[in-house]
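A.B. asks: Pasting a structure below so you can have a look.
Every number here is computed from the coordinates shown, using simple stated rules; none is lab data. On a predicted model such as this, the values are computed, not experimentally measured, just so you know. Note: ideal-geometry Cβ built from the backbone for every residue, glycine included; neighbour counts use all protein chains shown.
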Amino acid sequence: MIYFDNSSTTRPVEKSVEAVLSALTVNWGNPSSLHTLGFNAENIVNEAKRTVASAINSREDEIYFTSCGTESNNTAVFGAAYKGKKRGFRIVTTAIEHPSVLEAVKRLEDEGFEVIRIKPESDGNINEEAIKDAIDDKTVLVSVMLVNNETGVILPVKNIKKFIKEKNAPALFHCDAVQAFGKLPIDVNKIGADFLSVSGHKIGAPKGIGVLYVKKGVTVKPLLFGGGQQNGFRSGTECVPLIAGLSAAVKELGNIKENLEKQYDFCKTAKEKLNGTGFVKINSPKNALPYILNISVPGYRSETLLHFLEQSEIYVSSGSACSKGKGSYVLGEMGLDKKTVDSALRLSFSKFNTQEEIDIFIKELEKAVKSLKRSN
Ligand code: PLP
């Protein structure tokens, strides 16, 4: 099997599976219980907080566990918007955010907020000046992702907090780092985020566990009310097994910087080979994160190619996994022509993929092009 769909989800690492199992069979107590079983479970949660905190250079009391990246994004977006409501109504975001941000801001727009969605340039990049210009003194939330899930484009987030201060906006800054975490070094202080979202299943932990970093001193209304777990910010008994699995996966990330450098070389060679075919078009910008490579084979529909490749156990995605069959809005926003959008494939790599797999992928793609009828 060749798995080039790691941005949809990636295979859980062994240590993570072991940690989940151990928390299900040995340390299965409720972290809120006052006896030893509870204490052991609480230790797992606290240890996981320390692990995640050190991975993003935050304090451990700034880490909250959620059920997924979607919940983290929703909590930050609604929380920040409602908190700022009395002082402003503008939300600044980009047109290429994940649906868990775009759908949330759409809901807020229906409630009367003004949403500014910054469009990407034709190469997929977002212009920093456009973000700056969009922020005004009525802006309550700026939500900009760190890495786009379809093209791998890295967004210019590092000056956003500075712009907010310059514009004297009461805004909080949320950064969706779901596709960046574990692949790009992340320092929440350098990013200047008030909120930062992470998802476990993109880094070798199971599905169903997310993290929301909330800067110390920032208070927003929770999405869930109840027993007051996690300092009242996210009620609900902590999912200790998945938290343990996440912590173990974070520890297995290795040297992110070294991995990234290797990945740049890997992607450069892969792009040269793909360009060499003469029929593949590269849609990701040159400066994209090298774990995501968006390509098109104009004239051949994405789904047809995807299923052809699947017969040889090669797994890729047509756009993002969330867009299931719909043409990519991200590529559409870049102004790419319909033929390119309709034939897009997203290859997303892990550090375990090899050039031999790229060679096999290209061979199979060539076969597909020879045997499939052009769609126009
Ligand atoms: N944000 C981005 C950029 C993503 O790529 C995804 C998932 O693909 C999410 C958020 C949602 O994460 P989850 O699947 O954990 O809800």
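A.B. asks: Which residues, taken from region 219-232, are surrounded by fewer than 20 Cβ atoms within 10 Å (Cβ to Cβ) and under 23 Å from ASN27 (Cβ atoms)?
C.D. replies: GLY226, GLY227, GLY228, GLN229, ASN231
A.B. asks: Can you confirm whether LYS138 is away from the ligand (no atom under 11 Å from the Cβ) and in contact (Cβ under 8 Å) with a residue 40 or more places away in the chain?
C.D. replies: yes
A.B. asks: Also, quick follow-up: I need the full set of residues from region 5-45 which are of a type in the set (S, T, N, Q) and over 30 Å from THR354 (Cβ atoms), in order please.
C.D. replies: Taking region 5-45 as the starting set, the residues that turn out to be of a type in the set (S, T, N, Q) are 6-10, 16, 22, 25, 27, 30, 32-33, 36, 40, 43.
Those that are of a type in the set (S, T, N, Q) and over 30 Å from THR354 (Cβ atoms): SER22, THR25, ASN27, ASN30, SER32, SER33, THR36, ASN40, ASN43.
A.B. asks: Mind telling me which of the residues THR139, THR66 ends up being touching a Leu at 6+ places or on another chain (Cβ under 7 Å) and over 30 Å from LYS286 (Cβ atoms)?
C.D. replies: Numbers: THR139 fails: touching a Leu at 6+ places or on another chain (Cβ under 7 Å).
Answer to the selection: THR66.
A.B. asks: Provide a single number: the residues in region 327-368 that are out of contact with any strand residue (DSSP E or B) (no Cβ under 7 Å at 6 or more places or on another chain) and closer than 15 Å to LYS271 by Cβ.
C.D. replies: From region 327-368, those out of contact with any strand residue (DSSP E or B) (no Cβ under 7 Å at 6 or more places or on another chain) are 327, 329-330, 332-339, 341-342, 349-356, 358-359, 362-363, 365-368; that's our starting set.
Narrowing the set further to residues that are closer than 15 Å to LYS271 by Cβ leaves 349, 353, 355, 358-359, 362, 365.
The total comes to 7.
A.B. asks: Where the second residue is surrounded by fewer than 22 Cβ atoms within 10 Å (Cβ to Cβ) and of a type in the set (Lys, Arg) and the first is closer than 16 Å to GLY124 by Cα and lies in region 288-300, which pairs have Cβ atoms under 6 Å and are six or more apart or on separate chains?
C.D. replies: SER296/LYS281
A.B. asks: In addition: Condition first: within 11 Å of the ligand (Cβ to nearest atom), among the small types (Gly, Ala, Ser) and touching a helix residue (DSSP H, G or I) at 6+ places or on another chain (Cβ under 6 Å). Can you find one or more residues in region 85-101 that meet it? Spell out how you get there, then give the answer.
C.D. replies: If we filter region 85-101 for residues that are within 11 Å of the ligand (Cβ to nearest atom), which is where we start, we get 96-101.
Now drop any that are not among the small types (Gly, Ala, Ser), which leaves 100.
Still in the running and touching a helix residue (DSSP H, G or I) at 6+ places or on another chain (Cβ under 6 Å): 100.
Checking region 85-101: at least one residue is within 11 Å of the ligand (Cβ to nearest atom), among the small types (Gly, Ala, Ser) and touching a helix residue (DSSP H, G or I) at 6+ places or on another chain (Cβ under 6 Å).
A.B. asks: Checking the conditions here, which among THR51, THR36, THR9 is free of Cβ contacts under 8 Å to residues at least 12 places away in the same chain and either away from the ligand (no atom under 16 Å from the Cβ) or under 29 Å from SER328 (Cα atoms) (or both)? Please lay out each step first, then the result.
C.D. replies: On the way: THR51 fails: free of Cβ contacts under 8 Å to residues at least 12 places away in the same chain; THR9 fails: free of Cβ contacts under 8 Å to residues at least 12 places away in the same chain.
That would be THR36, the only listed residue that is free of Cβ contacts under 8 Å to residues at least 12 places away in the same chain and either away from the ligand (no atom under 16 Å from the Cβ) or under 29 Å from SER328 (Cα atoms) (or both).
A.B. asks: Go through region 261-295 and give me each residue that's among the charged types (D, E, K, R), surrounded by 13 or more Cβ atoms within 10 Å (Cβ to Cβ) and outside any helix (DSSP H, G or I).
C.D. replies: Within region 261-295, LYS281 is the sole residue that qualifies.
A.B. asks: All but one of (1) more than 23 Å from VAL188 (Cα to Cα); (2) within 16 Å of the ligand (Cβ to nearest atom) hold for SER143, so report the exception by its number.
C.D. replies: Every condition holds for SER143 apart from (1).
A.B. asks: Do you know which residues across region 202-235 are of a type in the set (Gly, Ala, Ser) and either more than 16 Å from the ligand (Cβ to nearest atom) or touching a Phe, Trp or Tyr at 6+ places or on another chain (Cβ under 8 Å) (or both)? Explain how you work it out, then say what you get.
C.D. replies: First, pick out the residues of region 202-235 that are of a type in the set (Gly, Ala, Ser): 204-205, 208, 210, 217, 226-228, 232, 235.
Matches in region 202-235: GLY210, GLY217, GLY226, GLY227, GLY228, GLY232, SER235.
A.B. asks: Quick one: LYS162 ticks every box in (1) of a type in the set (D, E, K, R); (2) within 16 Å of the ligand (Cβ to nearest atom); (3) part of a helix (DSSP H, G or I) bar one, so which box is it?
C.D. replies: LYS162 satisfies every listed condition except (2).
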